[in-house]
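What follows is a set of notes on a single structure, which appears directly below.
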Amino acid sequence: MLREITASDLAAWLADAGAEQPVLLDVREDWEVQLASIPGSLHIPMNLIPLRMSELPDDQTIVTVCHHGVRSYQVGLYLANAGFEQVLSLRGGVEAWACDVDLAMAHY
């Protein structure tokens with residue numbers, strides 16, 4: 001089972017300048033990222049994760065992000081099974097972020 005984080009809790013974490021910041025891993029497709037994204041996210045589409053895992057740090061928490069939280073949860077499980085120890089998934093994805101944190105973000 002993978003731990004999840006809410007949009008509000010993630011926003012508070014990102015706003016805490018004294019906290020070690022997570023890597024936000026956006027696993028959506030290019031067209032989705034162009035519509036709406038959380039600033040500072042690293043974009044690697046889900047299907048490219050196995051090829052580009054070497055780009056991910058193994059000493060920072062990774063928060064996986066997608067549209068509604070389903071793909072990000074699957075990628076998070078994949079990363080955890082591959083040996084990444086600090087992985088969370090954003091519950092509800094960028095849709096939750098748009099509803100709870102950034103009300104100006106586009107919905108799709």
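The values are calculated or read from the model by the stated rules, or taken from the named source; none is laboratory data. All values derive from a computational prediction rather than experimental measurement. Quick reminder, even Gly has a Cβ in these numbers, built from the backbone with ideal geometry, and neighbours come from all protein chains shown. When the accessible area is computed, the model is the full protein with side chains, heavy atoms only, and any ligands, DNA or RNA have been set aside. Shrake-Rupley method; radii C 1.70, N 1.55, O 1.52, S 1.80 Å.
See the values below:
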{"item": "The chain - mean residue ellipticity at 222 nm from DSSP helices (-39,500 (n - 2.57) per run, n ≥ 4, rounded to 500)", "result": "-9500 deg cm²/dmol"}
{"item": "Spin-label pair residue 51/residue 102, simplified geometry with 7 Å Cα→Cβ offset, distance in nm", "result": "2.6"}
{"item": "Å² per residue, accessible surface of the chain at 1.4 Å", "result": "54"}
{"item": "Reciprocal mean inverse distance between Cα atoms of segment 3-101 - Kirkwood radius, Å", "result": "13.2"}
